[in-house]
Each structure stands twice: as structure tokens, then as C-alpha cells.
Amino acid sequence: MYGRLYSACLYGIDGVMIEVEVDLSSGIPQTSIVGLPDSAVREAVDRVRAAVKNCGYTFPLQRVTINLAPADLRKEGSAFDLAIALGILATSDQVILPPSERLLIIGELSLDGALRPVRGVLPMVDHAFRQGINSVLLPADNAEEALLIEGMKVYGLRHLNDLPPLLTNQTTQKMSPLVLDSLAHLEINRTKHPRPFTCVEESIEDYSDVLGQRHVKRALTIAAAGMHNIMLIGPPGTGKTMLIRRLPSILPPLSQEESLEVTKIYSSAGKFKGSESGLITRRPFRSPHHTISAGGLIGGGGIPKPGEVSLAHQGVLFLDELPEFSRNVLEVLRQPLEEHKVTISRSRASFTFPAHFLLASSLNPCPCGYLGSEPPLPMCTCSPFRIAQYRERISGPLLDRIDMHVEVPRPADWQNDSNPLTSAEMRSEVYAAGEIQLQRYKGQPFSHNSELSGSILRKFANLSREAELLLKSSFEALGLSMRAYDRIIKLSRTIADLEGKDFIATNHIAEAIQYRQLDRRNRDLV
């Protein structure tokens, strides 16, 4: 006897359709799974056997062969448990599933037959829907996630015993009404669950909490408007971390397409628990500890999973105290900062994860943090050798990829700042500049000034004659690299957009150059 069902698995952050084929034949009773299963999939035999028996069904005393096709694709995880169980029960005529619809089946079984949630439901269901599958049977705890895919009929199952009762009457026809409507009582009512896309809530943290530091707030407004990478440099206690942590409060919400993409990443990483507001609409903010490994930052594993750079996709990746991170870890940021994606190669396949994020970082000018400080701050106690070692942890190529290097001194007039700049005021400027960019780059595969390069940069960044002369003279005086040269033009384009100007003027170039503190030939951090 032969049966076939549809299931799915994760491959990176994408869903892949898997055919679960079950064959029952005469011979010594044994069960085998083929099709490159990992240990979690092979162990499904024991989970399924116990669940089937504990729910009152009979596990076939025959030779059971289960094939997971395509056979050359490595399978991992426990999402096949339910499909394997139903495949065995359906093939042995103990359960009859509705033949009127193509059904995707995913879920992990416990030994008593209860269903446990699995990760990656959203990308798996989305891929199945694109392949013509119109319904999904899955653990009830994953139902909200599956409902995010419009047009998919979702059946939520909490226990194997919630399936239709066993048909013992041999004269019962398989096309009876009982069989056709057998899963109707499991269907999740979409109207009682959140809409797939809702508006984002306001952030609790606000820039009005930060007194003074108006020039830093100006720099952060520019960074948010053009999605430019930014680095804040200053002694301890000047508000660097506080300023960057409020950056999401001025960023625009995700578009519906971006929201679905980000939610898929979090689902595949097992970090999406079914939000009450549906899809993720707030831009991610990730702040990994400085002890993170290179694999944790960019992703890794036998079948690679997304790392912090992918979890920060379309949002902010904050690296606090940048030199405290391992140099090897920081160097892996070069590719995602330049190409907005991460490619991880393994012996069987190559995986590409999206990684388009705004890199925000902070650092002290020296190990003790007080180099160049004046009273009442303490005097620096670091030797020139220690300072050189500290600075060498950040390579020149990495610094080249950070658009803005901004000094954050101790605020002198914070007590007189009775009307601090708020997130709402900064956000209105960011939104206005963002709309200009959306209209300018309509029909292009990008939407922010930071993504311009090559001939596209020359096309959209129109410099006045005076601005071009200022930039060329600064290029020689500061010893800029060609990458830094282009980044100044991108910054100037964003500054001009904030002022609503079509052409880049000398004041825009001059302000952009001020944000390249670390491009001096002596790499003076102060």
C-alpha cells in the first residue's frame, strides 16, 4: 500500500516543499526513513509510534518505508512528525483525509499525541501557497502565524485525537460527507485573529530624554533619512548608547513587503511567537554582546540559520563599544555592509540571507575613554602603545564602510536646554526626506541614498561646480579613499534632501565632510 502527503521544511530562511511518501509492504516489521534525514527526523519514528499507539490507533506490523522527497536535499527538524503519522494512518486506512483540497501538514508530535509548535511556519506556508497548496494542518499554537498568509485555509490541531474518528464500517464510502467535511471543525476563524498588516505603535523611548547634543541628533537624523551607517565617538557618560537606542523612534515603519520579509526571517530563526499585531511592522533593533562569534553575527550551522545581521534586516544593528568585539568578528561585516546580503557556503549548498541594515556603533577614544578630555573629566592614563592597539582592532576597510564618524563630547549647556529636540520633530524630517527618495528612485531596485553606487550615484547626485571643487580639494587634503569619496556624495545627497534641494551645494558637501572624522591621515580619533 502506498500513500503520499505534503509537508515542508526550512532551507536557510526559505520554505521548501517536501513530499512524504509512505509504503507498507509485507516483511519483517520495521520502519525506515530515507531521503537524507538528520537525527531529529530519524527519531520521528519513535515519537510517531508512541503517539499512534497512545491515541488508540494501530501502528502497522509491516515493513514501513518513508521517503522524504526530493531525496538529495538534507532534511532537519521535527516538522515532519505529523505528516509521517498521518501518512502511516492514511495508508493503513485508519484515517481518511479530505481529498478535495491540497493539504500541507507540519507539526511535532509528543509521545501522547499532543502537537508542539515548530519554527519557520511563515516561510513554509508562504512557499506552499505559492506552489498551489490551499490549506494547511498544523499545531494550533502556530495558527496565528499561518493566518498571516492571505488566502490560505488554516486548520489548527492540538492533539491527534482531534482528528475524525476511525471509520470501522467497511461499507462506508470514502467520499461520504463525513470525510469531505472531516477537518471543518478544526478550521481557524480568520475574523477572530489579527489582520495581516497593522500600523506600528509609537516608541516609548524619545529623544526628548536627551538634553543637549543637538549636533549628534542632527547626525542621527541624516543617518535615519538615508539609512547611513554611523559611529559615535566620545568619553563614557556622554549619552552615546542612549542616543543610538532611540534611533528606531525616528525610522519609518516597514512597508508591507518589507514587513513580510522581516517576519519570515524571525519565523525561521524561531524568534517570532505570534504577535497580536500580525506582521512585524517596527524596524528591528539588534544589539549583540561583544563576545558574539562570527557565526552568531552572520549566521552559521550545518544548515545555516540567520545571524544578527539578518535579524537586523531593514532595521538597526547596534555594536556598542566597537573595539571590544573580536577583530575577526568585525571583519565579517564587510560583505553585508557592501552587498546587503550574506552568502554562506557549505559542502552541499550555498545559502544567501538578506542583511540590509543600518550599522550604528559607539566607541571610546582610548581604552580608558578619556583621551583629549578636559576637567572636570579625568585625565587619560593610556600609553601611546595601548592607544595604538585599541585603534587597530578596527580595520581601515571597515571604517571606510561607515558613512558617519561623529564626536560626542560632554554636553556643556544641557542644563539650559529647556526645549530638547524630540523624536517627533526628527521623525517628520526623516519622513519628508524618505518620500523624496521614494519618488526619485521609483522603479529602481533600491529606495535609499546609501544604496547608490557607480553610474547610478553620478546620475542622481547632482553636484554644483563649487561643491565638486570643494570635494576634490578635500579628497587630497584628507587622503580619502575612493569609497569614502562616494560616501561623502551619498551623505550630501541626503543632507540636500532634508532641505528639499535638488542640487548638492557646497554647504551640503562641507557638512558631510565634517562627519568623516576618522578619514584623516593620522587616524586621529579626537
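The values are calculated or read from the model by the stated rules, or taken from the named source; none is laboratory data. These numbers were taken from a predicted model, which means no experiment stands behind them. Note that each Cβ is placed from the backbone with ideal geometry, even for glycine, and that neighbours are counted across all protein chains shown.
Identify the residue in region 466-523 that is part of a helix (DSSP H, G or I) and aromatic (Phe, Trp, Tyr) and, among all such residues, is nearest to Met404 (Cα to Cα).
Tyr485
Rundown of residues vs (1) surrounded by fewer than 19 Cβ atoms within 10 Å (Cβ to Cβ); (2) outside the structural domain of Gly239 (by TED's automatic domain parsing); (3) without any contact (Cβ under 8 Å) to a residue 60 or more places away in the chain, yes/no style:
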| position | (1), (2), (3) |
| --- | --- |
| Gln335 | yes, no, yes |
| Arg346 | yes, no, yes |
| Ala360 | no, no, no |
| Pro378 | yes, no, yes |
| Ser383 | yes, no, yes |
| Ile387 | yes, no, yes |
| Pro409 | yes, no, no |
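So is Leu180 over 26 Å from the mean Cα position of the chain (by Cα) and modelled with pLDDT of 80 or more or not?
no
Would you list the helices (runs of 4 or more DSSP H) that sit entirely within region 201-303 and hold 3 or more residues that are over 15 Å from the mean Cα position of the chain (by Cα)?
Counting at least 3 such residues, we get 214-226, 240-245.
Condition check ((1) more than 30 Å from the chain's Cα centre (by Cα); (2) acidic (Asp, Glu)) across all residues:
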{"site": "Ala467", "(1), (2)": "yes, no"}
{"site": "Ser473", "(1), (2)": "yes, no"}
{"site": "Arg483", "(1), (2)": "no, no"}
{"site": "Asp486", "(1), (2)": "no, yes"}
{"site": "Ile489", "(1), (2)": "no, no"}
{"site": "Ile495", "(1), (2)": "no, no"}
{"site": "Phe503", "(1), (2)": "yes, no"}
{"site": "Thr506", "(1), (2)": "yes, no"}
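Can you find a residue in region 248-256 that is modelled with pLDDT of 90 or more, farther than 30 Å from Glu407 by Cα and among the β-branched types (Val, Ile, Thr)?
Taking every residue of region 248-256 in turn, none turns out to be modelled with pLDDT of 90 or more, farther than 30 Å from Glu407 by Cα and among the β-branched types (Val, Ile, Thr).
Scan region 115-126 and tell me whether some residue there is surrounded by 24 or more Cβ atoms within 10 Å (Cβ to Cβ), in contact (Cβ under 8 Å) with a residue 12 or more places away in the chain, in a loop (DSSP other than H, G, I, E, B) and touching a helix residue (DSSP H, G or I) at 6+ places or on another chain (Cβ under 6 Å).
Scanning region 115-126, I find at least one residue that is surrounded by 24 or more Cβ atoms within 10 Å (Cβ to Cβ), in contact (Cβ under 8 Å) with a residue 12 or more places away in the chain, in a loop (DSSP other than H, G, I, E, B) and touching a helix residue (DSSP H, G or I) at 6+ places or on another chain (Cβ under 6 Å), so the answer is yes.
Give the number of residues within region 39-68 that are loosely packed, with under 15 Cβ neighbours inside 10 Å and on the phi < 0 side of the Ramachandran plot.
Summing the residues that are loosely packed, with under 15 Cβ neighbours inside 10 Å and on the phi < 0 side of the Ramachandran plot in region 39-68 gives 7.
Of these, Val64, Val52, Val95, which one is in a strand (DSSP E or B), in contact with a helix residue (DSSP H, G or I) (Cβ under 7 Å, 6 or more places away or on another chain) and more than 24 Å from Leu10 (Cβ to Cβ)?
It is Val64.
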